[in-house]
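Worksheet: one structure, shown below.
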Amino acid sequence: HLMTEVLPLEQPVAATASGPIKIGLMATFQGRLEMPALALRDGARMAVKEAAGMEEMKGRSFELVVANDYGDPQKAAQEARRLIEEEGVKAILGPVDSDCALAVVPIVTAARVPMITLAGYPGLTRPVNKYVFRGAMSDDTEGKLIADYATIMMGAGEFAIFHEDSSYGKAGMEVVRKRLRRVGRDPVAIESYPSGGIDFRAQMARFKAAEVKTIIVYGTLVDALMVMQSIRME
């Protein structure tokens, strides 16, 4: 579904013939990505209010059209088309989910509508696409920082990588694995988990058998908390 929010200026101004500038916002407003989705929406509300008050905008108002992709790439593509073709948005903020963002890229590219995504999957901005921008750190960078922190700052060893079974999780896992190998610290085990999973006993058993000492989790905060609870229980 779509939620339309017309954000007025702080002071009344004369109406313009062209009407408000519409900006689409797409995110996953439930489950593991609810927190970043709400942060994106609330930040966008603040930004459009600030922009509306800028002298350079000459009294234009802004209309924020919010869409929920439900973490489903097909739904994301459908909502992107609706935002562009029916709502007439001039830009799209989001999605947060990497698989949803990948589904939206060809749509915004064909329509020549810029998109600023918070998804971390490296392939979203490689090769360069003049209609796709990133508002968050790429997995290429984040994965290297995680691996470097674990090896240099923590001095940890006998690594395992436990990653979300998604484009985002797989990309991050590969970056971490390559970085560990570069310093001669190949992971002794690699396992995946479904997003939103709660039972990790099988993976934990395999980590124990491999005599893992340090587990690097590449996934969302919600999933990482569940993994931590599972480790404590073991």
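Is it the case that region 143-164 has a residue that's at positive phi, in contact with a strand residue (DSSP E or B) (Cβ under 8 Å, 6 or more places away or on another chain) and not aliphatic (A, V, I, L, M)? It would help to see each step written out before you state the result.
So the first thing to find is which residues in region 143-164 are at positive phi, and the list is 155, 158.
If we keep only those that are in contact with a strand residue (DSSP E or B) (Cβ under 8 Å, 6 or more places away or on another chain) too, we end up with 158.
Among the residues that remain, those that are also not aliphatic (A, V, I, L, M) are: 158.
Yes, region 143-164 contains a residue that is at positive phi, in contact with a strand residue (DSSP E or B) (Cβ under 8 Å, 6 or more places away or on another chain) and not aliphatic (A, V, I, L, M).
Taken together, the residues in region 174-200 that are under 21 Å from the mean Cα position of the chain (by Cα) and within 18 Å of Val222 (Cβ to Cβ) amount to 6. Of everything in region 36-74 that is of a type in the set (D, E, K, R) and part of a loop (DSSP other than H, G, I, E, B), the residue that is least open to solvent (accessible area, probe 1.4 Å) is Asp69.
With respect to Ile116, determine if the residue is farther than 30 Å from Phe162 by Cα and of a type in the set (A, V, I, L, M). If you could, list the steps in order and put the result at the bottom.
Numbers: farther than 30 Å from Phe162 by Cα: no; of a type in the set (A, V, I, L, M): yes.
The answer is no for Ile116.
What helices (runs of 4 or more DSSP H), lying completely within region 115-234, carry at least 3 residues that are under 30 Å from Leu83 (Cα atoms) and open to solvent by less than 50 Å² (accessible area, probe 1.4 Å)?
Working: elements: 139-148, 167-182, 201-209, 221-233.
Where helices (runs of 4 or more DSSP H) fall fully within region 115-234 and carry at least 3 residues being under 30 Å from Leu83 (Cα atoms) and open to solvent by less than 50 Å² (accessible area, probe 1.4 Å), they are 167-182.
So for region 112-122 (the condition being in contact (Cβ under 8 Å) with a residue 60 or more places away in the chain and not aliphatic (A, V, I, L, M)), does at least one residue qualify? Within region 112-122 (the criterion being in contact (Cβ under 8 Å) with a residue 60 or more places away in the chain and not aliphatic (A, V, I, L, M)), the answer is no, since none of the residues qualifies.
The values are calculated or read from the model by the stated rules, or taken from the named source; none is laboratory data. Computed from a predicted model, the values in this text were never measured in an experiment. Methodologically, a virtual Cβ is constructed for each residue, glycine included, from the backbone with ideal geometry; neighbour enumeration extends over all protein chains shown. These area figures cover heavy atoms from the full protein model, side chains too; ligands, DNA and RNA do not enter into them. Shrake-Rupley method; radii C 1.70, N 1.55, O 1.52, S 1.80 Å.
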